[in-house]
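Working notes, structure below.
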Ligand SMILES: [Cu+2]
């Protein structure tokens, strides 16, 4: 780690002198409680006074408290965490508007109950769901011209290494792909352009980083972790098929992409390939690993790949040993300190920033120089580092305001630090008078992810910053042993950051994006033709028998189902299809079958189906579970199963 101690003598001497490089012993010995909230050198104010000040000077997105009936300025797409879904928030209010089920069953919409959702989620041979747990961390959306285009969002499941796509016209998950050859799929980022074809100025690929290294193929275990591998994966944004993978040294964590489509990168916190934590943090520097997308795709085209196990996915070799010649290299390992967490692309398209986590530093890597390295014009990829400056303890993630400033969470300091990137570059170049730290603000407490409005686009607007604090401690009424997390909203429209609001959230969300509401044009009524099973006329409904196989076709129109009753025989293999013929937005109906574990909804002009064995004789009142009409309670039909 070069020059860190020397730099302590420069910027913010008094503050920095008390900060020391984290070493293994210190980290291992400290609990979260003991390291919380030390060293409050902050200049930032908090509390009610700060909040009203923000509102008075215009606030980032205006006042947090919207008047009844007022709409938010921004959408926020948040990962849900263990709930395996995507949260949709309005900002600046912080109100949660909906949740989009992806990886885990959801009782409201019948996700994991209907045949259509089970097909997306994936089933075992017996028709049951392949997985019912998930851990979503990262969510990003498709781009065009450097801004979100409102087509898709993606979200990861770290537990089972799946990526889900959400259609942003209907806010539904329509595809899930399980990545081969990897475990611990964590970081995710769509590309923003094609590396070769300038006409393709929109997302066609999604890159996925795998955090855990495993034997390849992972059929015979070995305890020797040095023989394990991790891969970087490219998924086709449209088909959701895996296009290719890159075998790498070390692991992947988060992912970033350049605006020209030429580069993607992942930060690596375990270049040691350790299998125990002390081994994972033994080296002073790890890496930010860059991928030359055009060269990788040329290598795949030229057949220079392997496959592993049952997977047919082409895997190219991105290891250090095979990529020593810069002019042909597929990858470049830029050395950064120490167990870095987070790599983020600046909205001016010039830099990737890695936060040091166990080093108090942020590393600024200039993308033009990385491209120079790949052309053989730089002797080492490390020469692409244009700044490595102290920010505070436990730097994790970085957001941007579009005015040249970066905002980095400091997990151990419980702060957000605002710093100027160009000033940091000057400071790094030797101008010790360059004051790169602009402001610090205490947050409550231990912040992980943060993001600013439009931060990861060319249209970063520097209005509001949301911070996901992993611990809320004393900020909310106690609710037993587990506290909620604290999502805080900060006004970044002025020189000083101003804390605006706290929001409790059930654990444990991670990354999120915030963008202007006019980038999305959600549709509010489906088209019948969107669904192959749609029943277009109530006259087509009834019970259709083919031996034991029975199809029940029903339509709904408030306040009635088209069939007043339907008869089955015990043992029938039933598929029940329901089309909602109501055409008005929000006129959604539900369909529950008592004792058969069935409940789902159909939105206006939507069709859904369920399959089950009619194994219990009797009368079962199928009723509408979604409030629809003054006669909602009366909206029922009888399923009569004859013994
Ligand atoms: Cu109803």
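Every number in this text was worked out from the coordinates using simple rules, so none of it is lab data. Not measured: the values here are computed from a predicted model. When we count neighbours, we look across all protein chains shown, and the Cβ atoms used for this are built from the backbone with ideal geometry, even at glycine.
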With an 8 Å cut-off on Cα pairs and a minimum separation of 6 or more residues, tell me the relative contact order of the chain in percent.
12 percent
Estimated inter-spin distance, residue 349 and residue 319, nm [label 7 Å along Cα→Cβ]
3.7 nm
Taking a quarter of the surface of the Cα convex hull of region 252-310, what do you get in nm²?
5.9 nm²
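Over region 188-390, what is the percentage of antiparallel beta bridges among all DSSP beta bridges, to the nearest 5? Could you put the intermediate results ahead of the total?
On the way: 45 of 48 bridges.
So the antiparallel bridges in region 188-390 amount to around 95 percent.
Looking at the chain, what % of its DSSP beta bridges pair antiparallel, to the nearest 5?
Working: 142 of 159 bridges.
Approximately 90 percent, going by the DSSP bridge assignments.
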Segments 362-373, 500-511 sorted - mean Cβ within 10 Å per residue, highest first
362-373, 500-511
Take residue 585 and residue 432, extend 7 Å from each Cα along the Cα→Cβ direction, and tell me the distance between the two endpoints in nm.
6.1 nm
Burial-style ranking of 332-338, 249-255, average other-beta-carbon count within 10 Å with highest first, yields 249-255, 332-338
Scoring region 308-392 by relative contact order with C-alpha pairs under 8 Å, at least six apart, yields a percentage of 24 percent
Using the basic label-point model (7 angstrom from Cα toward the beta carbon), what is the residue 196 to residue 528 distance in nanometres?
4.6 nm
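Over region 188-390, what is the relative contact order in percent, taking alpha-carbon pairs closer than 8 angstrom and at least six residues apart? Numbers along the way, then the final one.
Numbers: 510 pairs, mean separation 32.8, N = 203.
Over region 188-390, the number comes to 16 percent.
Which length gain, in nm to one decimal place, applies between residue 129 and residue 597 when the Cα-Cα distance is subtracted from 0.36 nm times their residue separation?
Contour length minus Cα-Cα distance gives 167.0 nm.
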So what does log10 I(q)/I(0) come out to for the chain at q = 0.07, 0.08, 0.11 Å⁻¹, using the Debye formula with one equal point on every Cα and no solvent?
-0.49, -0.63, -1.09
The chain: calculated mean residue ellipticity at 222 nm from DSSP helix runs of at least 4, using -39500 (n - 2.57)
-2500 deg cm²/dmol
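Report the gain in length on full extension from residue 304 to residue 621: 0.36 nm times residue separation, minus Cα-Cα distance, nm rounded to one decimal. All intermediate terms of the calculation are to be shown ahead of the outcome.
Values: separation 317, 0.36 × 317 = 114.12 nm, distance 6.11 nm.
Here the segment from residue 304 to residue 621 would lengthen by 108.0 nm.
Stretch residue 223-residue 518 to full length: gain in nm at 0.36 nm per residue minus the Cα-Cα span? List each step's numbers first, then the result.
Numbers: separation 295, 0.36 × 295 = 106.20 nm, distance 5.25 nm.
Here the segment from residue 223 to residue 518 would lengthen by 100.9 nm.
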What FRET efficiency do you get for residue 312 and residue 536 if R0 is 56 Å and r is their Cβ-Cβ distance, rounded to the nearest 0.05?
0.90
Going by a ≥ b ≥ c, the root eigenvalues of the Cα gyration tensor, does region 207-267 fall in the rounded group (a/c under 1.5), the prolate group (a/b larger than b/c) or the oblate group?
oblate
Measure of size requested: the Rg and Dmax of region 528-642, with Cα atoms as the atom set and Å as the unit; please supply both.
13.2, 40
Any idea what diffusion coefficient region 188-390 gets from Stokes-Einstein, in µm²/s, Kirkwood Rh on alpha carbon pairs, 25 °C, 0.890 mPa s?
144 µm²/s
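Considering only DSSP beta bridges with both partners in region 528-642, what is the antiparallel share in %, to the nearest 5? Walk me through the numbers before you get to the answer.
Numbers: 26 of 39 bridges.
Antiparallel bridges make up about 65 percent of those DSSP assigns within region 528-642.
If R0 is 41 Å, what FRET efficiency do you get for residue 458 and residue 174 from their C-beta distance, rounded to 0.05?
On the way: r = 27 Å, r/R0 = 0.67.
Approximately 0.90, to the nearest 0.05.
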By average Cβ neighbour count within 10 Å, what is the ranking of 625-632, 462-469 from highest down?
462-469, 625-632
